[in-house]
Amino acid sequence: AAGVIQSPRHLIKEKRETATLKCYPIPRHDTVYWYQQGPGQDPQFLISFYEKMQSDKGSIPDRFSAQQFSDYHSELNMSSLELGDSALYFCASSEGHTKGYGYTFGSGTRLTVV
Amino acid sequence: AQSVTQLGSHVSVSEGALVLLRCNYSSSVPPYLFWYVQYPNQGLQLLLKYTTGATLVKGINGFEAEFKKSETSFHLTKPSAHMSDAAEYFCAVSDRTGFQKLVFGTGTRLLVSP
């Protein structure tokens, strides 16, 4: 079965650089969620999109932006990177915003800022 | 606001012993409840979920959890631990209204000794 695809798997950037993370949801899934998991931390919700519109927003820094495109894939853009942005970034997708389905996570992108 | 408390950042068991990972939630309305497992350097895999109906939920890999409204708990159990169960386990909740953003507990690392 198709899963949530994230690219790249690993990314190394220098401070103040920009990074773009991509997420390809499961076919027919129209909702995408982004989470950030720092070292030894639990995942923290960043932002979500339903039908290409932002549906919810969590603790996402102003330096980050995201969008969902017409093919439902999503990109997380991170600018002016800081050392503290080093983390595992997960994308998840679900079919509709109907509650309770739970959703499928991708394998994550590990971002290291040096 | 919802919150999740996982008692014990580390739980150690012997192979073949009972596994019990504790999760309590705080919410004015019983939320949807989930358990996820994360193996090192991997994504989050859904073990099981409770949305409605039967309060004893069976998941993958022999795990099960029971929703107890009176105790606001959703503890995860497995009768007999296997070495391959060693991983990080996250309890999570999502609201029954609005978009299903997940709020995670801080995680419990399960250690299994031979």
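Quick note: the coordinates plus some simple rules give every number you see, no bench work behind them. Everything numeric here is computed off the predicted structure, so don't read it as measured data. All Cβ positions, even for glycine, are placed from backbone atoms using ideal geometry, and neighbour counts span all protein chains on display.
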What is the local net charge at A:Ala19, summed over the other residues whose Cβ is closer than 9 Å to its Cβ (Lys, Arg +1; Asp, Glu -1)?
-1
Of all GluC sites (Glu not before Pro) in region B:8-93, which ones are in loop regions per DSSP and have a Cβ with at most 16 other Cβ atoms within 10 Å?
B:Glu15
Within the under-15-Å Cβ sphere about B:Pro114, not counting B:Pro114, Lys/Arg +1 and Asp/Glu -1 give a net charge of -2
Where labels lie 7 Å past Cα in the beta-carbon direction, separation of A:Glu17 and A:Asp71 in nm:
2.6 nm
Net lengthening on full extension, A:Ala2/A:Lys57 (0.36 nm per residue, minus Cα-Cα):
17.1 nm
Correct response: the longest run of chain A lacking exposed trypsin sites (Lys or Arg not before Pro), defined by DSSP loop and at most 13 other Cβ within 10 Å, is A:64-114
Rough spin-label spacing in nm, given labels placed 7 Å along Cα→Cβ, for A:Leu83 and A:Val114
1.4 nm
In the protein assembly as shown, which Cys residues have no partner Cys with a Cβ closer than 4.7 Å?
none
Over chain A, what is the relative contact order in percent, taking alpha-carbon pairs closer than 8 angstrom and at least six residues apart?
37 percent
The protein assembly as shown - share of DSSP beta bridges that are antiparallel (%, nearest 5)
90 percent
Chymotrypsin sites (Phe, Trp or Tyr not before Pro) restricted to region A:58-98 and DSSP loop, no more than 15 other C-beta within 10 Å:
A:Phe69
